[in-house]
Each structure stands twice: as C-alpha cells, then as structure tokens.
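Nothing in this text is a laboratory measurement; each read-out follows from the coordinates by a stated rule. If you're wondering where the values come from, they're calculated on a predicted model, not measured in any experiment. Every residue, glycine as well, gets a Cβ built from its backbone with ideal geometry; the counts of neighbours run over all protein chains shown.
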C-alpha cells in the first residue's frame with residue numbers, strides 16, 4: 001500500500017471504477033450547461049407562448065380591475081376564489097414550467113445518464129462540520145467556480161450594454177406611446193438581450209462541460225497496481241485460476257482413464273501416442289475415441305489396457321493421425337473408417353480365436 005501511494009496515476013479508469021465513481025456522485029457534469037439550456041428553452045417557450053400568456057394575463061387583470069364589485073371575497077368564498085385564481089395562473093404558466101422541467105431533465109440525463117447517488121442519499125455527520133465546510137469554500141474548485149461566476153457576470157453585463165446602448169434614444173421616447181406598445185418594445189428588448197446572452201452562455205457551457213469531463217477523467221485515473229488489483233478481484237487471482245484449471249484437467253484425466261477398460265483396442269505409436277477406441281455396432285454408427293494421450297499419459301493408458309486385457313495394436317501412422325483428428329468422446333473421422341475397421345477386425349478375430357481355444 002505504501003508503494004502504491006507513490007505510484008503515478010497514469011492509467012485510464014476501468015468501467016468498474018467509473019461505475020463506482022458514478023454511485024458516489026462523482027460524474028462529469030456542468031451546471032453551466034444546465035443553466036444555458038434551461039435559459040434557451042425559456043426564451044423559446046416565451047417566443048412561442050408569450051403572446052398567448054400576455055393576452056390571458058392582461059385580460060384577466062383587466063377583468064378584475066374593471067369589475068372589482070363582481071368578485072365575492074366573503075369568508076365563505078375566499079378559499080374557492082384563491083383556488084380558482086391559482087388554477088388560472090397555473091394554466092397560463094404551466095406550459096412554460098413543463099418546458100423548463102423537461103429541458104432540465106433531458107440535459108441532466110444526457111450528461112450523466114440515469115444514476116442514483118447512494119452516498120448523497122446517505123446521512124453523513126461530517127458534512128455538518130463547519131471546519132470542513134470552510135475548507136471547501138477556499139478549495140481549488142471553489143476558486144474556479146468563483147472565477148467562472150465573475151466571468152459570466154461580466155459577459156452578461158457587456159452583452160446587455162452593447163444591446164441596450166444603441167436603443168437608449170428610442171427608450172427615451174417611450175413616454176409618448178401607449179402602455180401596450182411600451183410593453184411590447186420592452187419585451188422585444190428582453191428577448192434580444194436574453195437570446196444573445198443565452199448563445200454566449202451556451203458556448204461557455206459547452207467549453208465548461210469539456211473541462212469538467214477532462215477534470216473528472218483525471219480525478220479517477222488509476223495506478224498500474226490498482227488496475228492489477230481490480231483485475232484480480234474481477235477475474236480472480238491468476239495462481240488460483242491456474243490451480244483450478246489444473247484440478248479440472250486432473251479430474252478430466254481420471255474420467256478418461258476410467259473409460260479405458262471399456263475400450264475394444266488401444267492403437268499405439270508405440271511409445272509416444274496411445275488412443276483407446278470403442279465400437280459397439282448395435283448402438284454406434286462409427287467407432288469412438290474414449291481416451292488418448294502422449295508420453296506418460298500414453299504409457300498409463302497402455303498399462304490400464306494390459307491390466308484389463310485390452311489389446312494394444314501398434315500402428316504408427318494411424319496413431320498419429322487419429323490423435324490429431326479425433327477428440328475424446330467423438331466418433332473417428334470418416335476418412336479413417338477403413339484403417340480403424342481393419343484394426344478392429346483384427347482384434348475381434350483375436351477375441352474369437354481366444355474364445356474358441358477356451359472352449
């Protein structure tokens with residue numbers, strides 16, 4: 001662990017590390033992008049729905065102000081009146097609110113996906129530590145956020161100035177026009193300033209998101225040792241895996257040796273190869289290899305065959321070809337039928353002769 005702490009984090013984070021980071025809420029996310037997209041959505045919604053909202057609100061306001069005596073504000077009706085007015089205002093502003101909520105949801109999901117921050121949901125008393133909170137206020141991240149905030153204020157102020165300054169003379173003449181025209185002009189100026197500001201903020205937000213991704217990827221980089229340890233955890237210790245494979249091979253070898261006494265013949269090289277073949281014409285379409293091996297395993301197969309009275313027939317070309325062409329538990333290839341059949345016929349003749357002599 002001491003050696004690991006001095007290693008440089010040069011390796012890109014693995015999928016497992018990224019998943020663990022996401023569960024802790026450590027994701028590449030730009031609040032600036034959220035704000036810019038929501039602002040653009042608000043301006044778009046007002047551009048499409050603003051006229052309708054203005055007509056509804058102005059009509060309602062005029063109706064209330066021109067006929068106040070027609071409104072029942074008695075104690076028994078005041079609650080119904082409040083509910084009716086609240087529903088009206090919600091109906092007017094509801095579409096804009098839905099647009100903003102949808103935009104905020106979509107941009108958040110597009111940045112980080114749908115993740116549940118388990119650590120953020122858990123209660124941690126150290127979050128209430130005022131000393132730790134003060135340290136966070138003077139951290140590198142807080143200074144970066146402060147700089148970004150001041151820079152945004154400056155950008156918004158500058159854009160607002162260069163947009164409004166040429167219109168100052170026109171604004172001075174608004175005193176001579178009606179309220180409706182004044183409101184329309186001011187709304188147009190607000191849209192103009194807002195649109196220019198939103199475009200600038202969107203560009204800055206895209207750059208900020210790129211920076212956040214770069215910073216996040218650097219923060220979750222791993223050392224070579226950490227990558228090796230994770231591979232051990234996910235794939236298992238190589239030594240343990242080798243031991244398991246060794247035990248599996250040993251078990252398969254024992255099962256194979258148990259099949260040798262059931263063979264009809266063992267075809268040998270004679271020293272390097274041994275292939276045990278079994279053929280029962282009543283249940284098999286072709287002879288089957290029940291065991292095979294090289295060198296020491298071949299010697300063991302021949303030893304078991306002799307102990308169980310299984311004939312060992314020397315045929316070097318056939319043994320070599322059969323060892324390479326047929327797997328254990330599979331029928332021999334069709335092009336070897338004739339050669340194996342000759343060996344089996346020889347073995348069956350030997351059995352017949354032995355049986356006759358015994359009788």
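Projected area of region 27-219, taken from the Cα convex hull and averaged over every viewing direction, in nm²?
So the Cα hull casts an average projection of 17.2 nm².
What would the Debye formula give as log10 I(q)/I(0) at q = 0.11, 0.13, 0.17 Å⁻¹ for the alpha-carbon point model of region 241-353, no solvent?
For the requested q values the scattering log ratios are -0.33, -0.45, -0.76.
Rounded, prolate or oblate for region 45-100? Axes are the square roots of the Cα gyration tensor eigenvalues, ordered a ≥ b ≥ c, and the cut-off for rounded is a/c under 1.5.
Because a/c hits 1.5 or more and a/b fails to exceed b/c, region 45-100 counts as oblate.
Any chance you could give the angle, 0 to 90 degrees and rounded to 10, that helix 78-112 forms with the longest Cα principal axis of the chain?
On a 0 to 90 degree scale, this one is about 40.
What does region 136-199 give for Rg and for Dmax, in Å, if only its C-alpha atoms count?
17.1, 54
Among 347, 283, 156, 83, what is the fewest-to-most ranking by other Cβ atoms within 10 Å?
The most exposed by this proxy come first: 283, 83, 156, 347.
With a Cα-only, solvent-free Debye model of region 158-299, what are the log10 I(q)/I(0) values at q = 0.15, 0.16, 0.17 Å⁻¹?
Values, matching the q order: -0.93, -0.99, -1.04.
If you compute Cα Rg over 2.2 N^0.38 Å for the structure shown, which of [x] 1.04; [y] 0.99; [z] 2.06 do you land on?
Computed from these coordinates, Cα Rg over 2.2 N^0.38 Å corresponds to label [z].
If you line up the long axis of helix 316-325 against the longest principal axis of the chain, both from Cα atoms, how many degrees apart are they, to the nearest 10?
20
Got a sec? How would 153, 267, 190, 332 order by Cβ neighbour count within 10 Å, fewest to most?
Starting with the residue having the fewest Cβ neighbours, the order is 153, 190, 332, 267.
Remind me, relative contact order of the chain in percent, using alpha carbon pairs under 8 angstrom and six or more residues apart?
20
Using alpha carbons only, how many degrees (0 to 90, rounded to 10) separate the axis of helix 224-235 from the longest principal axis of the chain?
60
Which order results if 277, 144 are arranged by neighbouring Cβ count within 10 Å, fewest first?
Lowest to highest Cβ neighbour count: 144, 277.
Past the 18 angstrom mark, what percentage of all C-alpha to C-alpha distances in region 271-330 do you count?
32
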